[in-house]
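See below for the structure under consideration.
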Amino acid sequence: MVILILVCSGSVWAGANLLSNPDAETGDTSGWSYLVNGGNGWATDGWTAIEGTHSFTSSYAWDRMGQEIDLVSEGYGAAYLDSAPPIAIHDFVIGRMINYADSYYVTVELRDASHGLITSYDTGTLSSSTEWEEVSYLFSGYGSGVRYVYFEQGGKDTEYWAGNYGSSLDAASVRIADSEGITVVNGSTSYVTEGEEPDNENVYALVLDNEPSANVVIDITPGSGRFNVSPTQITFTPSNWYTPQFVQTIPNDDSHLQGDVSYPIHHEVSSTDPDYDGFAVTDPWIIVYGDEEAHYVTNPPAGVGFFRADNLSQSVVDTGQAGEVDVLVSTSGSYAASFWGNFSQDIDASGISAGIDTVNGKAFVHGMSGIGGILNYSLLVPVVSGSGNLIVCPGAESLPEVDEGCSGEVEIRVGETKEGMTVSEISYGGETYYLIENISGTGGMEIPTNGSVVTLGPGNVTEINSSKWNPGITAGSVGTEGGNITSANLDGNSSTEKWGGFYGNVSGSLRLSEENTSSFMYYWAWGPSNGGAICVSTNPSLYTQFISGAGGADIDSAWGFPSTATDSGANTFNNSNCSLAFGSYSIYGAAYADTGNPGGFVTCAYKTTTNPEKNGLLFCSNITNGQIYDGSLGNYEIIAPTNDSQMSYETYYFYLSLS
C-alpha cells in the first residue's frame, strides 16, 4: 500500500484577479451589468484579443457595463482591508477599423460597507488606436473602510457604423497585493509502502499568508482510519507565522483487502484573531492504494472524461476504485452528468455519449441505462441566467435535440418534484449546475429569464375613443328618525385611479429599407395572425433595448402605489413567468395580468434596468386575432399604470415587434 500526497491552496492567493469574466472568454457578458447597451450592444465575437480569444467590442452608441466586487465575500478580512492594502487595476483597449480612434473610458471606485465612495480613478473619455494600450492605476494610502471595488468600462464607435466597430476592451483586472489566509504548500510527491517507516518526503506544509494578531491553532484530522497524521496540531504565532510547518502522513498496516480510495485531510482553525478564527482551509487529499484488484471506467468515448465528484483531479479511468463512488461525466471542460457507480467491476463507458452548452444552458447524456455498475444517474445543466426554470427532453441523443418543444417535454423548477424528478443547484469546479435527479430522460436545458436585447419599432397611433366607467345608478337612501338604529347592506363599485387600458387592431409590414425613407428594397406583407408583440411605455425613445421580466413590486415602486392597495401592482400583476416573443427572442420570467375574458389577452411587465423608474418599464401583449374584454374581436389588449389621482394624465408611447 502506498500514499500519494495531493495538495492545493486554501487561501486567496496574492494577486488573484477579482473580476468575473474579465476578458469575455465565456463568449458572453456574464458577470457584468449593463448600464447602457447602445447601438447593437456589446459583442464578444473575438475579432481580436490581447489575452485568450475574445474581447468586449462596443457599438455605434455608448456601451457601458460594470460590476461591484464584494471584498469580504472574496475572503479578505476586515482588519486587513482597513490596513489599506495596495489595489491595482488594469485594462487594455484597441480601436477597430477603419478609423481606430474610437472612444472609451475606465472608472474604478473604492467603496465602504455602505457602498459610499472612498476614492476613485477615472480616465475620462479617451481615444483608442491601432495598437493595444494599457490603462493602469494603483490605489494606495486611501485609509480604512474599503469593502467593495466598483469597476466600470465603456466604449463607442466614432464612425457611427451599424454593428460593432467601436473600441474593444480586454483583460481587465482588479488585484489586491495580499490577504489573510492559510496556504497548503506542496511537498515532494512520494510513495510509501504500507508498514514501512515513513521518511521526510511524504509531507505537506502549512504557512500563514499574513501576520496574525494572536496565536493561530490548526487541528489536523485524517479523513479515514487507513492513515494517520503527525502532528495532529500545529500553532502559528505572531513571530513564526511565515515559517512553514510540516505534516506527515503515515499509512496504517492492516490485513484488510481494500480498494484504491482517496481521502481528505481535515483542518480546523481557531484563534482570537477574527481574521483567522474559523478560516476554511481547502483540504488536501491523499490516495490510498489498496492491495485488492482495482476497477476502472473503461472504453471512454473520445472527448468524454470521468472523475470522482469528491476529488475532481482524480480520473476514474486512470485511477482504480473500489466500492460505491459518485462519478462526474466531463465534456468540453464542464460536467454534463453524474452517476453512482459500483466499482466491484469495471464500468464499460463505450456506449455513453454526452454534451454540454454552457452559453445556452443545455446538457445531455445518453446510453447510461443498462450499463453494469451504474446504479443511477443524474443530469447536470449549467446555470446561465439563474432562472431556476428547466425543461427535460426525454429522448435527446444530441445537443440540437435539447430545445423547447422537444418530444415529451417536461417543465420543472428548482425545488420542484415532477414525474419523480427533483431539481437542485450544485457546484463543481467553481461552476454552478442544476442537478436533475431521478431524471426521466437524457437531455435538459435552462429556460432563461435574464432578458435580451430586442428591437422595438415605433407604432403610429390612431385614437378611436376613450371613456371612463360610470356606475349609472343613483345613490340609495334609507329613511330614519331619532332613536332608530338601522341595519343596511350596500353594494357598489368604484373606478380605479391607478390603471388605464388600451385595445384595438394592428396593421403593418416588414421592410428592408434605409433609415428615414419611404423607399424599400424588399417588402413582406404582415397580418395579426403572423404574431408579434405590442408594448406601451412612458419612455418616448425605446428602440434597441435590453429588457427582462419585471414584477408587481417594480410597478409599485415606480408609481408610488402602496403594495397593500387592492389595485396595487403586486395585486394586479399577480401571475408569474409570462413569455413573449420579440422577433427571434423569447423573454421569460415576467409577471403578468390576465385581463378581460379568461384565456384571452394578458399584459406582461418588462423592465430595462434592475430598479426601474416609470420610463424603464414596458407593458406588452401578444398580437393575434382574439377576443377582447367586451367579447368583440381585436388584435391586442393592454393594462398599464397611471398617475394615482383624478384628472391626471399619463402619456404612453406605443411600440411594435412584428414576427
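The values are calculated or read from the model by the stated rules, or taken from the named source; none is laboratory data. Computed from a predicted model, the values in this text were never measured in an experiment. Using ideal geometry, Cβ is built from the backbone for each residue, glycine included, and neighbour counts are taken over all protein chains shown. Accessible surface areas use protein heavy atoms only, side chains included; no ligands, DNA or RNA. Shrake-Rupley method; radii C 1.70, N 1.55, O 1.52, S 1.80 Å.
Answer yes or no as to whether TYR191 is modelled with pLDDT under 75, over 30 Å from SER33 (Cα atoms), open to solvent by 10 Å² or more (accessible area, probe 1.4 Å) and aromatic (Phe, Trp, Tyr). So TYR191 passes the test.
Pairing each residue of the range 383-409 that is within 18 Å of SER579 (Cβ to Cβ) and modelled with pLDDT under 85 with any residue that is open to solvent by 50 Å² or more (accessible area, probe 1.4 Å) and not in a loop (DSSP other than H, G, I, E, B), provided the two are 6+ apart or on different chains, yields C-beta distances under 6 Å for GLY388/ARG413; ASN389/ARG413. Taken together, the residues in the range 545-568 that are within 27 Å of the chain's Cα centre (by Cα) and not aromatic (Phe, Trp, Tyr) amount to 13.
Within the span defined as the range 143-160, every residue fails to be over 30 Å from ALA280 (Cα atoms), of a type in the set (A, V, I, L, M, F, W, C) and outside any strand (DSSP E or B). Sort out which residues of the range 305-332 are under 16 Å from VAL365 (Cβ atoms), small (Gly, Ala, Ser) and surrounded by fewer than 18 Cβ atoms within 10 Å (Cβ to Cβ), and write them in order of number. Hits for the range 305-332 are ALA309, SER332.
Go through the range 621-657 and give me each residue that's surrounded by fewer than 15 Cβ atoms within 10 Å (Cβ to Cβ) and hydroxyl-bearing (Ser, Thr, Tyr). Passing the criteria: SER632, SER645, SER648, TYR649, THR651. Could you please give the count of residues in the range 114-163 that are open to solvent by less than 30 Å² (accessible area, probe 1.4 Å), closer than 29 Å to SER59 by Cβ and modelled with pLDDT under 90? Count: 2.
If I ask for residues that are open to solvent by less than 30 Å² (accessible area, probe 1.4 Å), at pLDDT 90 or above and among the small types (Gly, Ala, Ser), which ones from the range 569-592 would you list? Scanning the range 569-592 gives a single hit, GLY569.
With respect to ASN597, determine if the residue is assigned to a loop (DSSP other than H, G, I, E, B) and among the polar types (S, T, N, Q). Answer is yes for this residue.
In the set (1) open to solvent by 20 Å² or more (accessible area, probe 1.4 Å); (2) within 39 Å of the chain's Cα centre (by Cα); (3) modelled with pLDDT under 90, the condition left unmet by LEU542 is number (1). Residue count for the range 595-612 under the criterion of being open to solvent by 50 Å² or more (accessible area, probe 1.4 Å) and either within 17 Å of VAL453 (Cα to Cα) or at pLDDT 90 or above (or both): the result is 2. For the condition crowded, with 20+ Cβ neighbours inside 10 Å, of a type in the set (Asp, Glu) and modelled with pLDDT of 90 or more, ASP63 qualifies. You will find that of ASN465, ASN470, ASN484, the residue that is open to solvent by 70 Å² or more (accessible area, probe 1.4 Å), over 30 Å from GLU637 (Cβ atoms) and either touching a Ser or Thr at 6+ places or on another chain (Cβ under 9 Å) or assigned to a loop (DSSP other than H, G, I, E, B) (or both) is ASN484 and no other. Can you find even one residue in the range 228-240 that is assigned to a loop (DSSP other than H, G, I, E, B) and modelled with pLDDT under 80? Among the residues of the range 228-240, at least one is assigned to a loop (DSSP other than H, G, I, E, B) and modelled with pLDDT under 80, which makes the answer yes. Across the range 314-337, the number of residues qualifying as closer than 18 Å to ILE426 by Cβ and of a type in the set (Ser, Thr, Tyr) comes to 4.
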